[in-house]
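Peer 1: Handing you a structure now.
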Amino acid sequence: MEEVEVNLEAQFEEKVAKDIRIEPKDWMPDAYRKTLIRQISQHAHSEIVGMLPEGNWITRAPSLKRKAILLAKVQDEAGHGLYLYSAAETLGASRDQMIADLHSGKAKYSSIFNYPTLSWADIGAIGWLVDGAAIMNQVPLCRTSYGPYARAMVRVCKEESFHQRQGFEIMMTLCNGAPEQKKMAQEAFNRWWWPTLMMFGPKDEESPNTEQSMRWRIKRFTNDELRQRFVDMMVPQAEFLGLTVPDKDLTWNEAKNGYDYGQIDWDEFWSVVKGNGPCNKQRIQTRVKADQEGAWVREAALAHAEKRAQREQQKVA
Amino acid sequence: MMHNHENAPHLHEQHFNTPVQDYAPEVKQLVLEYTLQLADTSFILGHRLSEWCGHGPVLEQDMALSNIALDLIGETRSLYQYAAELEGKGRTEDDMAYLRDTVEYKNPLLVEQPNGDFGDTIMRQFIFDSFHFFFLKELQNSTDHRLAAIAEKSLKESSYHIKWSSEWVIRLGDGTEESRKRIEKAIDNLWPFSGELFMMTATEKKLLEHGVIPDYSQIKNSWDAHVAKVFQEATLAVPQNVWMQSGGKEGRHTEHLGFVLTELQYLQRTYPGLEW
Amino acid sequence: MNTKEWPLWEVFIRSKQGLDHKHVGSLHAADAEMAVQNARDVYTRRMEGISIWVVESKHIHASNPDDATAFYEPANDKVYRHPTFYEVPAEIKNM
C-alpha cells in the first residue's frame, strides 16, 4: 500500500514538473489539496470582501458613466469570487464551509481591503494600484498547476484588465483636473501606496509557504520578485500622472536595473493581518449581516424548488 | 501591467442618433418633461438596486441585482441624453441627474422606496417590471422616434427583469412560512405605490393625445392579468381597495428621495463644475 | 439558522452559432430555471454566449483517471484510423 502511495506521489511530482495540469479527479497529495483550498478560498474571500470598500462609492459616483463602470467592476469581483469558490469546490470544499471560515476569522483575505475608502480618488487609486498589484499576482496563476484554478484565473485576468484601466483613467482625470482634484489624487496615492506593496505578502525569507508552493507550481514567482516588478512598473506611471511616490528612499539602481525602495512597515502589515486594521471588524460584520439576512431567502428558494419537484413527480405518477 | 489589447477593437458607447423631431415648442416642452420623468424613474430605481451590490442574499443573486441596475442605468443615460438634446441648452446627462433638486425629480413614489429586505426589493421590482414591460411594448409604437427606439432596446432587458422578479415572487410566496410572511408584508408596504404608475398627469394626458405615449388603461389591464397570474402561482392574494398614494410624477415625493439625491449628488455639489 | 446549500450546477456555453457547448464553470442555484438565469448573469456578461446548458453536478458521471491507460492507450496503435497513415502518390490531387 505504502509503495503505491510513493508511486502515485512520484507520478504527481513528475506531472507537475512537466507542467501537465492536475485535474480534480487525479491523485494528489493531501498537503497539495489543502494548500490549494487555503489559497483559492483566500483568494475568493479577497474578491468578495474587496467588493465593500469600492462598493460604498457606487451610490456616490460623480457621473452616470462612472457609476455604471464602478457597478460593473464591483459586480465583476462578485463573479471572480464565484469562479474561485467554484474552483475550490472541485477539490471537495463546500462554499458554505469556506464562507463560514471567513466569518469565523479562521480564513484570511487580502489585508488591503481593511483600509477605508475616503474620497473618490480612492476608487481611482484602488483600480490603478490594488488591481495592478492583483494582476501582477494573478497573471502567473493562469499557469498554476491545478487545472480548474488556472482556468478560473484566465477568466479573472481577462476581466481584470479593464479594472486597472478604469482606475488609471480616474486618476488621470483627477490629475489633469482642478487643483483640489489633483490634491485628492495625491492624498489617496499616499495612503494606498504602502499597503499595496504589502499585498505581495511577507518578505521571501519570512514566507513559510513559498518554497513548497513554488515546487508544486502553485506559485510561480516569489513575493519579493513580484513586488520589485510592481514598483518598477508603477513608478513611471506615477511620474506620468505627476504624482509623487510617498517614499523618500526611492532611487533608481542602475546595477539591478530596477528601483530600490524604502522599508515596508511590517509591524503594520502583521497588525492588520491579525485583525487590527481600520476596517477588519466592519468588513466581516457586513459580510456576516448579508449572509444572515439572506438565509431566509436561500431557504425559501430551496423549499419552493422541493415543492415544485414533488408536484411534478405526483403529476407523472 | 497594462495588457496588450492591440488586436481588440476599441469599443465605443452606443448612442441613439435619431434627430430630435420637428415639434411645436409647447409639444417639445411636454416631450422633454416626460422624457425626464422616465429617466428619473429608471435612474432612482437603478440607484436603489445598486445599493445591494455586495450585500445580496447569495453571490449569484447579488450579480443579478447589479445586472438589472446596470440595465436601468443604461436606459437612464439614453433618456437624459435625449432630454438634454430636446432642451437644447447645452446641458448634459449628468447635469440632468446631478443638478436637479427633489421637487424637480418626477419619478413615481414607488421607485424611491427603500430596499427594505429582499422581499421588499422583489415586490417593488415586480410591481415596476410588470408595468415597465407592458409600457415599453407600447412605447415602441410612439410617434416620437427616439422614445420608440429607446423602448425597443430597453424592452429586451425588461423581458428578463419581469421574468426574474416574477419567479422570485413565486418562490417567496410559495416557499417557507417565513418567506410568505415577509412577502405579504412587502405587498402591504408597497401596494399603495402601485396605483400612481397608471394615473395620468396633465402632461401625460396631453402626450397621449399626440400619440407620443400609450394609453395607461390598456397597460393596466395587462398588468392586472400578469399580477393575477403570478400571485396565483405564488399562492398570494391580490390586495383589494387599497388607498393609492401619488404625487411623485408631479414632484411631491416621500422623504426618502431627498436622502437619495443628497448621497448621489454629493461630489457634484461639493465641487461644482468639475469633470470626473 | 442552518440552511442547506443550494445545489451545485455545471455550466456549458455555446459561444457562437455552429460551435459546441463548452464547460465554463459552475454555480449554485435552487432550481434549473434559476441555474440558467444565474449562468446568464455570471458567465455571459461580456457577450460570451448565445446558448446555455446547465446540469446538476451530481448527475455528471466521469471516467476514473486510474482507468486512463486502459481507456485511451489502446487507441495508440490504431494508426490506420488516421488519413496520414496512407501513402498517396504525389500525382493524385484532392484526396
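Peer 1: Could you pull out the GluC sites (Glu not before Pro) across region A:27-106 that fall in loop regions by DSSP (anything but H, G, I, E, B) with no more than 10 other Cβ atoms inside 10 Å?
Peer 2: none
Peer 1: For chain B, with every protein chain kept in place, what is the accessible area per residue (1.4 Å probe, Å²)?
Peer 2: Using a 1.4 Å probe on heavy atoms only, each residue of chain B averages 42 Å².
Peer 1: A further question on this structure: With the other protein chains left in place, how much accessible area per residue, in square angstrom, belongs to region A:215-317 at a 1.4 angstrom probe?
Peer 2: Ligands and nucleic acids excluded, the figure is 57 Å² per residue.
Peer 1: What's the FRET efficiency of B:ASP22 with C:LYS22 using the Cβ-Cβ distance as r and R₀ = 56 Å, to the nearest 0.05?
Peer 2: My answer for the efficiency is 0.60.
Peer 1: Among rounded, prolate and oblate, which fits region C:8-81 when a ≥ b ≥ c are the square roots of the eigenvalues of its C-alpha gyration tensor, a/c under 1.5 means rounded, and a/b larger than b/c means prolate?
Peer 2: It comes out oblate by the Cα gyration axes.
Peer 1: Continuing with this model, one more query. May I ask for the percentage of alpha-carbon pairs in region B:1-135 that lie more than 21 Å from each other?
Peer 2: 51 percent
Peer 1: Comparing the chain by itself with all protein chains present, which residues of region A:56-70 are at least 10 Å² less accessible (probe 1.4 Å)?
Peer 2: In region A:56-70, residues shielded by partner chains: A:TRP57, A:ILE58, A:THR59, A:ARG60, A:ALA61, A:PRO62, A:SER63, A:LEU64, A:LYS65, A:ARG66, A:LYS67, A:ALA68.
Peer 1: Another question about this same structure. May I ask you to work out the translational diffusion coefficient for the protein assembly as shown at 4 °C, viscosity 1.567 mPa s, via Stokes-Einstein with Rh from the Kirkwood sum over Cα pairs, reported in whole µm²/s?
Peer 2: 47 µm²/s
Peer 1: Using a Gaussian network model on chain A with a 10 Å cutoff between Cα atoms, which of A:ALA150, A:ALA303, A:ALA17 fluctuates the most?
Peer 2: Top of the fluctuation ranking is A:ALA303.
Peer 1: What nm value, rounded to one decimal, do you get for the distance between A:ARG220 and A:ALA317 when each label is placed 7 Å out toward the C-beta?
Peer 2: 5.5 nm
Peer 1: Can you give me the C-alpha center-to-center distance between region B:126-149 and region A:124-138, rounded to a whole angstrom?
Peer 2: 41 Å
Peer 1: List the relative contact order of chain A as a percent without decimals, with contacts defined as Cα pairs under 8 Å and 6+ residues apart.
Peer 2: Once normalised by length, the contact order is 18 percent.
Peer 1: Within chain C, what is the longest stretch that has no trypsin sites (Lys or Arg not before Pro) placed in a DSSP loop and near at most 13 other beta-carbon atoms within 10 Å?
Peer 2: Looking at chain C, C:47-77 is the longest stretch - no exposed trypsin sites (Lys or Arg not before Pro) with at most 13 other Cβ atoms within 10 Å.
Peer 1: Relative contact order of region B:73-188, please, whole-number percent, based on alpha carbon pairs below 8 angstrom and at least 6 residues apart.
Peer 2: The value is 24 percent.
Peer 1: Here's a follow-up. Taking square-rooted eigenvalues a ≥ b ≥ c of the alpha carbon gyration tensor, is chain A rounded, prolate or oblate, where a/c under 1.5 means rounded and, failing that, a/b exceeding b/c means prolate?
Peer 2: oblate
Peer 1: Can you list residues from other chains, or at least 5 along the same chain, whose modelled amide H is less than 5 Å from the amide H of A:TYR259?
Peer 2: A:ASP232, A:ASN253
Peer 1: Cα axis of helix C:32-43 to longest principal axis of chain C: angle in degrees, 0 to 90, nearest 10?
Peer 2: 70 degrees
Peer 1: On the protein heavy atoms, probe 1.4 angstrom, tell me the percent of accessible surface of region B:135-276 carried by carbon and sulfur.
Peer 2: Carbon-and-sulfur percentage of accessible area, whole number: 50.
Peer 1: Remind me, relative contact order of chain B in percent, using alpha carbon pairs under 8 angstrom and six or more residues apart?
Peer 2: Reported relative contact order: 23 percent.
Peer 1: Using only protein heavy atoms and a 1.4 Å probe, how much accessible area in total is buried between B and A, to the nearest 100 Å²?
Peer 2: Its buried surface, counting both partners, is about 4800 Å².
Peer 1: Output the residues of region B:251-276 meeting this criterion: accessible area (heavy atoms, 1.4 Å probe) in the chain alone minus accessible area with all protein chains in place is 10 Å² or greater.
Peer 2: Flagged in region B:251-276: B:GLU263, B:LEU264, B:TYR266, B:LEU267, B:GLN268, B:TYR271, B:LEU274, B:GLU275, B:TRP276.
Peer 1: Tell me, what is the FRET efficiency for A:LYS25 and A:ASP260 to the nearest 0.05, using R0 = 45 angstrom and their Cβ-Cβ distance as r?
Peer 2: 0.40
Peer 1: How many square angstrom of accessible surface are buried between C and A, both sides summed, with a 1.4 Å probe and rounding to 100?
Peer 2: The buried area between C and A, both sides summed, comes to about 2000 Å².
Peer 1: Mean-square fluctuation check for chain C, GNM, Cα pairs under 10 Å: which of C:PRO74, C:PRO65, C:PRO83 is largest?
Peer 2: Residue with maximal mean-square fluctuation among C:PRO74, C:PRO65, C:PRO83: C:PRO83.
The values are calculated or read from the model by the stated rules, or taken from the named source; none is laboratory data. Computed from a prediction, not measured in an experiment: that's the story for all the values here. Don't worry about glycine lacking a Cβ; one is built from the backbone with ideal geometry, like all the others, and counts go over all protein chains shown. Note: accessible area is taken over every heavy atom of the protein model, side chains too, but ligands, DNA and RNA are not part of it. Shrake-Rupley method; radii C 1.70, N 1.55, O 1.52, S 1.80 Å.
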